[in-house]
Amino acid sequence: MGSFDFVTFFFFVAAVIIFIQLRSVLGKRTGHEQRPPQDQMARRDQAPEGLDDPKVVTLPRRGRENQEPDTFAAVDAYAEPGTELNKGLRDVVTADPSFSPNEFVGGASTAYEMIVSAYAEGDRKTLKGLLSREVFDGFVAAIEERESRGETVRSNFVGIEKASIIQAEMKGTEANITVRIISQLISATLDKDGQVIEGDLAEVTDVNDVWTFARDTRSRDPNWRLIATEADQ
């Protein structure tokens, strides 16, 4: 965690396949030298412009007041009944009956890799479709500062060790889902002369992040966007 500008038709098709998987869930990451602006927890007033998807799926506009018991089966299997997490997830499902915790985590893992990879590469177009306006502005400011110094990033995503939902809540009609992601990546920052000034080109680094995604459950747009990031201490 849009449309992606690839130079060959092959990569265009691959991008479409990945994007379809993200239609109602989010997800994954590929490492970066400087962490994206952390601890900002910026909230969005509206989604950024520029996302044009011909395959938008119309999702339910309203939750149902009286849910059948089986409606919450996936929630109860994911989070222990009676806990705050279970209650929050039930509220999300009430607003959007198509929501599935496990499917969301899978999508969030995919968006995580895409967002971190795009940040490392300075790919503003990809970031714009996956981030809220405030988070996008923060990422772009960090990218521009890096570019002004003539620095580049080389990164390689190794994998995600664990991804799990740690908080869920409804804020009006907007669903907010917070995910803790533990990943491994290889990343290094190079100066304008190609010398490593941060990180390592061979060392695998453990990264712990807490990211929050949001979506208006009444919107026909099924996309979730990253609205807050922080490093998990």
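Does Ala118 meet the test of being buried (at least 21 other Cβ atoms within 10 Å of the Cβ) and either small (Gly, Ala, Ser) or modelled with pLDDT under 95 (or both)?
Values: buried (at least 21 other Cβ atoms within 10 Å of the Cβ): yes; either small (Gly, Ala, Ser) or modelled with pLDDT under 95 (or both): yes.
Yes; evaluated as a whole, the condition is true for this residue.
For the range 74-115, how many residues are β-branched (Val, Ile, Thr) and surrounded by fewer than 18 Cβ atoms within 10 Å (Cβ to Cβ)? Qualifying residue count for the region: 1.
Residues in the range 183-227 that are out of contact with any strand residue (DSSP E or B) (no Cβ under 9 Å at 6 or more places or on another chain) and within 24 Å of Ser155 (Cβ to Cβ): how many? Residues meeting the conditions: 2. Residues that are of a type in the set (Val, Ile, Thr) and either out of contact with any strand residue (DSSP E or B) (no Cβ under 6 Å at 6 or more places or on another chain) or within 30 Å of Gly88 (Cβ to Cβ) (or both) within the range 145-170 comprise Ile160, Ile165, Ile166, listed in sequence order.
Out of all the residues in the range 195-204, is one or more of a type in the set (Gly, Ala, Ser) and farther than 30 Å from Pro81 by Cβ? Checking the range 195-204: at least one residue is of a type in the set (Gly, Ala, Ser) and farther than 30 Å from Pro81 by Cβ.
So which of Gly150, Gly138 is outside any strand (DSSP E or B), of a type in the set (Gly, Ala, Ser) and more than 19 Å from Met114 (Cβ to Cβ)? Quick ask: steps written out before the conclusion?
Numbers: Gly138 fails: more than 19 Å from Met114 (Cβ to Cβ).
Going through Gly150, Gly138 in turn, the sole match is Gly150.
For Lys162, the criteria (1) over 27 Å from Leu85 (Cα atoms); (2) modelled with pLDDT of 95 or more hold in every case but one, which is (1). A search for C-beta distances below 9 Å between a residue of the range 78-90 that is over 14 Å from Ser164 (Cβ atoms) and any residue that is of a type in the set (S, T, N, Q) and surrounded by fewer than 18 Cβ atoms within 10 Å (Cβ to Cβ), counting only pairs 6+ apart in sequence or on different chains, returns Glu84/Gln167; Arg90/Gln67; Arg90/Thr71.
The values are calculated or read from the model by the stated rules, or taken from the named source; none is laboratory data. Owing to the predicted nature of the structure, the values given are computational and were not obtained by experimental measurement. Glycine gets a Cβ as well: all are built from the backbone with ideal geometry, and neighbour counts include every protein chain shown.
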